[in-house]
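Here is the structure we will look at, set down as structure tokens.
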Amino acid sequence: MKGTAHLAIGTAAGFIIGNTQHLDLSTNLMLAGLGGISGLMPDMDIDSVLTNKITMSHKVFRTIAQVVGVLLIVYSYLDGGFDKWKGICAGVGVIVFSSFLTQRRMLTMTGIGVLLAGYSLGENWLWLLGIFIIGASLIPHRSYTHSILGVIFFGVIASKFQASIGLPGAFEACLAGYISHLVADMKFLPVNKRGVKLFLPLSSKEI
């Protein structure tokens, strides 16, 4: 199922949570937004709508790194001195390193940034989210982020998030949005050729 469909379903799930708790319209809209974002989270394990929004394009970053590498080589050569060859080697190293960059590695770097930001701010939910993003960038698509373990881990993040911002219904909206993604990816829907491995690591059977 496409990311836009998951976004719509997650948004609807968040809005329903708000209505069941009889909250005001502005809170309902915030919960709908949280549900929509959470509905995209399981697909952090692939180049998707959300991952492309939160990470710089690897092509742009690669080009910038290559330009920096070339400038470093030229500067080191023209400047001369004892450290000339160190600078040239460093420039070559930057160019070689940039050639290995992919969008998923950019997502890993984003996760590390989120983790460090959460740690420096003392926000438990934020550094846990960083761990989630890093993990998602390293695993195959439709594996652990699409399992009960993924739901539990994201539920912990959502719980910490609600405790931090004090928004009623935030935990339920985030969890409903996340779970809606897994349900929408299951085999019982005719649009899905594959299902989800809900019981990883105990079972790799697709449901």
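What follows is calculated from the coordinates using simple rules that are stated; it is not laboratory data. Quick caveat: nothing in here was measured; it's all calculated off a predicted structure. Cβ atoms come from the backbone with ideal geometry, glycine included; neighbour counts cover every protein chain shown.
What ranking do MET109, MET1 get, fewest neighbouring Cβ atoms within 10 angstrom at the top? Please report the intermediate quantities before stating the final value.
Details: MET109 17, MET1 14.
The most exposed by this proxy come first: MET1, MET109.
Lysines within cross-link reach of LYS205: Cα-Cα under 21 Å, excluding same-chain residues under 8 positions apart?
By straight Cα distance, LYS205 reaches LYS187, LYS193, LYS197.
Can you spot the aspartates and glutamates whose alpha carbon is less than 20 Å from LYS59's alpha carbon? Ignore those fewer than 8 places along the same chain.
Reachable aspartates and glutamates: ASP45, ASP47.
Taking the Cβ of LEU200 as the centre, find all other residues whose Cβ is under 15 Å away and add up their charges (Lys, Arg: +1; Asp, Glu: -1).
Residues near LEU200 contribute +1 overall.
Got a sec? Charge dipole of the chain, +1 on Cβ for Lys and Arg, -1 for Asp and Glu; which of TYR77, LEU34, ALA12 is way out at the positive end?
TYR77
What helices in the chain pass both tests, a Cα length along the helix axis of 18 Å or more and a mean Kyte hydropathy of 1.6 or higher, using whole DSSP H runs?
Those that clear 18 Å and a mean of 1.6 are 124-138, 148-165.
Would you please put 134-141, 178-185, 189-196 in order of how densely packed they are, using the mean number of other Cβ atoms within 10 angstrom per residue and starting with the highest?
178-185, 134-141, 189-196
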